[in-house]
Amino acid sequence: MVAVHSIQQGIDSSQLPDAEKQEIMVQVDRVAAAFREQRMSGEQLRVLVEKLVNSPLMSSIVASTIERHYFAKSGLSEQEQAEGSQTLQRFIRGAIDEKINEAGFDAAMVHVADRDAAQGQWKVREKLTDDQLRAFLAEAKQQADAAGIPEQPAGIDPSAEIEKIVDEATKVAA
């Protein structure tokens with residue numbers, strides 16, 4: 001199942017602790033089994049994936065992946081990385097919740113990505129300079145502040161969040 005494989009890759013590449021990854025994979029396996037055994041329809045799976053994408057968990061996973069790929073390879077100080085991590089989570093949360101509009105999103109992305117001419121989608125550059133990363137974070141912070149995204153996004157337990165969403169989906173599917 002392509003969706004399950006994609007989710008597994010995303011979880012594997014995240015910076016989540018191994019125990020969290022294992023707990024999340026249990027939930028992914030529950031969904032795969034329900035779908036395989038036809039206790040969950042394609043539409044129910046689509047709704048589940050949509051709920052996952054819109055959950056606070058997604059911003060944490062996206063942020064941790066970006067941090068690992070860009071922050072770890074940068075010359076940013078530990079303080080800049082910590083502040084950048086918080087800004088990144090706020091920015092992503094604001095974009096997912098549609099509190100940061102497309103123009104605001106684009107204003108930040110222009111520092112770290114190029115727009116694909118054919119499809120109009122942003123493609124993040126493979127390598128970023130520290131100045132590009134700082135410019136992105138400054139704009140992302142400005143956008144998150146303007147959108148009223150809290151400084152301290154609500155802490156979440158990733159595996160508990162996924163379990164709750166899967167429980168809802170499998171209850172409906174049962």
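The values are calculated or read from the model by the stated rules, or taken from the named source; none is laboratory data. This structure is a prediction, so every number in the text was calculated from the model and none was measured. Don't worry about glycine lacking a Cβ; one is built from the backbone with ideal geometry, like all the others, and counts go over all protein chains shown. When the accessible area is computed, the model is the full protein with side chains, heavy atoms only, and any ligands, DNA or RNA have been set aside. Shrake-Rupley method; radii C 1.70, N 1.55, O 1.52, S 1.80 Å.
Counting each DSSP H run of 4 or more residues in the chain as -39500 (n - 2.57), what helix-only mean residue ellipticity at 222 nm follows after dividing by all residues, to the nearest 500 deg cm²/dmol? Write out the running numbers ahead of the final one.
Working: 8 runs with 115 residues, N = 174.
It lands at -21500 deg cm²/dmol.
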**Asked** residue 113's amide H: which non-local residues (gap 5+, or another chain) put their own amide H closer than 5 Å, with H modeled 1.01 Å from N in plane and none for Pro or chain starts?
**Response** 125
**Fill in**
Placing each pseudo-label 7 Å from Cα in the direction of the beta carbon, residue 79 and residue 97 end up separated by a distance in nanometres of 2.8 nm
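Take every Cα pair under 8 Å in the chain that's 6+ residues apart, average their separations, divide by the length, and report that relative contact order as a whole percent. Write out the running numbers ahead of the final one.
Numbers: 159 pairs, mean separation 56.4, N = 174.
Normalised by residue count, the contact order of the chain is 32 percent.
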**Asked** Candidates (i) 31, 17, 16; (ii) 23, 19, 16; (iii) 27, 18, 15; which is the computed semi-axes √(5λ) of the Cα gyration tensor in Å?
**Response** (i)
**Request:** Considering only lysines 8 or more places apart in sequence, or on different chains, count the pairs in the chain whose C-alpha atoms sit under 18 Å apart.
**Result:** 6
**Request:** Amide H neighbours of residue 122 under 5 Å, at least 5 residues apart or on other chains, H built in the peptide plane: list them.
**Result:** 116
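So if each residue of separation counts as 0.36 nm, and I subtract the Cα-Cα distance between residue 119 and residue 22, what length gain in nm does that give?
Numbers: separation 97, 0.36 × 97 = 34.92 nm, distance 3.59 nm.
Full-extension gain reported as 31.3 nm.
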**Asked** In a GNM of the chain with a 10 Å cut-off on Cα contacts, which of 103, 140, 160 has the highest mean-square fluctuation?
**Response** 103
**Fill in**
When the chain is treated as a Gaussian network with springs between alpha carbons less than 10 Å apart, the largest mean-square fluctuation among 87, 65, 129 is found at 129
**Fill in**
Taking R0 as 45 Å and r as the Cβ-Cβ distance between residue 146 and residue 43, the FRET efficiency 1/(1 + (r/R0)^6), rounded to the nearest 0.05, comes to 0.80
**Message:** Quick check: pseudo-label points 7 Å beyond the Cα along Cα→Cβ at residue 50 and residue 126, how many nm apart are they?
**Reply:** 3.7 nm
**Prompt:** GNM on the chain, C-alpha springs below 10 Å: top fluctuator among 120, 104, 94?
**Reply:** 120
**Request:** Taking the chain as the reference, fit the longest principal axis to its C-alpha atoms, fit the long axis of helix 56-66 to the helix C-alpha atoms, and give the angle between the two in degrees, 0 to 90, nearest 10.
**Result:** 50 degrees
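With a probe of 1.4 Å, find how much accessible area the chain has per residue, and write the answer as a whole number in Å².
Details: 9960 Å² over 174 residues.
The answer is 57 Å² per residue.
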